[in-house]
Amino acid sequence: MRGNVHPSYFDLNWLPRVAPAEGLFPCAFTRDLRRKPDWRVDLLKLACLLRLADAAQVDARRAPTLLLLIRRPQGESRDHWRFQQYLSRPELHGDLLDYTTVRPFDRPDANAWWLALDYLKMSTTNCVSSTT
């Protein structure tokens, strides 16, 4: 199986275009190795789940301060890094993910705040569109 890797800011609309034409593959895990597997993996659904999980897991763990100091990102990359440093782990409440910050955004990080808002809106749109 061969695949494509896309940045996490792509929306889910491109997944059906890059998914293989034959989207169901037999699973190799069965109790009896002599039997053919009786279930299949839908690669489009799996890709969708992995994409959503990656987009949802945005918090300070993805942007350690030491790496920020080593890499010294500039512009929007820096803002992206900074907003992740403010976010705590998302919490699941029913069928909603709740994002909070570990502290208020500082005034110099206003661009990071706006980028965080755009990113979380995009994540919400992706989650909603994945159910259709």
- Regarding Ala110, is this residue surrounded by fewer than 17 Cβ atoms within 10 Å (Cβ to Cβ), farther than 18 Å from Asn126 by Cα and at pLDDT below 85? no
- Message: I'd like to know if the range 90-106 contains one or more residues that are part of a helix (DSSP H, G or I) and small (Gly, Ala, Ser).
- Response: no
- Task: Look through Arg31, Arg72, Arg35 and report the one residue that is charged (D, E, K, R) and at pLDDT 80 or above.
- Result: Arg72
- Message: Against the definition (farther than 30 Å from Ser130 by Cβ and β-branched (Val, Ile, Thr)), how does Thr101 come out, yes or no?
- Response: no
- Restricting attention to the range 3-13, does a residue exist that is among the aliphatic types (A, V, I, L, M), surrounded by fewer than 13 Cβ atoms within 10 Å (Cβ to Cβ) and at pLDDT below 55? yes
- Item | Some residue of the range 85-92 being surrounded by fewer than 16 Cβ atoms within 10 Å (Cβ to Cβ) and in contact with a strand residue (DSSP E or B) (Cβ under 7 Å, 6 or more places away or on another chain) | yes
- Message: Quick check on my filter: what residues within the range 63-85 are out of contact with any Leu (no Cβ under 9 Å at 6 or more places or on another chain), of a type in the set (Lys, Arg) and on the phi < 0 side of the Ramachandran plot?
- Response: Arg71
- Message: List pairs: first residue in the range 95-116 and closer than 18 Å to Gln57 by Cα, second residue outside any helix (DSSP H, G or I) and of a type in the set (S, T, N, Q) anywhere in the structure, Cβ distance under 9 angstrom, at least six positions apart or on different chains.
- Response: Tyr99/Ser88; Thr100/Ser88; Thr101/Ser88; Val102/Ser88; Ala116/Thr101
- Query: Just one of the numbered conditions (1) of a type outside the set (A, V, I, L, M); (2) touching a Leu at 6+ places or on another chain (Cβ under 9 Å); (3) more than 30 Å from Leu46 (Cα to Cα) is not true of Pro104; which one?
  - Reply: (2)
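The values are calculated or read from the model by the stated rules, or taken from the named source; none is laboratory data. Just so it is clear, the model here is predicted, and its values are computed rather than measured. Neighbour counts are summed over all protein chains in view; Cβ atoms, including those assigned to glycine, are modelled from backbone coordinates with ideal geometry.
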